[in-house]
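Each reported figure results from applying straightforward, stated rules to the coordinates on display, with no laboratory input. Not measured: the values here are computed from a predicted model. In this analysis, Cβ positions are derived from the backbone assuming ideal geometry, glycine residues included, and neighbour counts consider all displayed protein chains.
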Amino acid sequence: MTRSLAMTICACLVTLAATGCTRVPELEDQLTADLRSADYPELVPLDQAAAPLPLPATQSAELEQQLLARSARLQNRARALRSVSN
C-alpha cells in the first residue's frame with residue numbers, strides 16, 4: 001500500500017469518525033422534555049424477551065400439511081375448470 005493511499009484512508013476514517021460525533025438538531029428537537037428526562041428502559045435477557053421458536057420438525061410438518069391442503073384445493077379447482085371448459 002502506498003503512503004498516499006494510506007493517508008487518504010486515514011483521512012477518510014477520521015472524517016467518518018468526526019461525523020458520528022455531530023449533533024443533529026432536527027432529531028434532538030423532536031424529543032419532548034419528559035422523554036429527555038426519562039429513565040433508561042430495564043434490560044431483560046434476550047431469551048425472556050423473545051418468544052421461543054417452534055421446533056423445526058413441528059414447523060416443517062405444519063408447513064407440509066398446509067402445502068398439501070393448498071395442492072388439493074388447486075387440483076380440485078383445476079378439475080372444476082376443466083369440466084366447465086369441456
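Based on Cβ point charges of +1 for Lys and Arg and -1 for Asp and Glu, what charge dipole magnitude is obtained for the chain about its Cα centre, in debye rounded to the nearest 20? Working shown, then result.
Numbers: 8 positive and 9 negative charges, 204 e Å.
Its charge dipole is roughly 980 debye.
Would you mind telling me which residue in 14, 24, 44 has the biggest mean-square fluctuation in a Gaussian network model of the chain, where springs connect alpha carbons within a distance under 10 angstrom?
Maximum among the listed residues: 14.
Return the calculated 222 nm mean residue ellipticity for the chain, to the nearest 500 deg cm²/dmol, obtained by summing -39500 (n - 2.57) across DSSP H runs with n ≥ 4 and dividing by the residue count. If you can, show how the numbers build up before the last one.
Working: 5 runs with 60 residues, N = 86.
My calculation for the chain gives -21500 deg cm²/dmol from helical runs alone.
Among (i) 11, 13, 14, 15, 18, 16, 11, 3; (ii) 16, 39, 33, 12, 0; (iii) 16, 48, 26, 9, 1, which is the computed P(r) over Cα pairs in 10 Å bins from 0, in percent?
(i)
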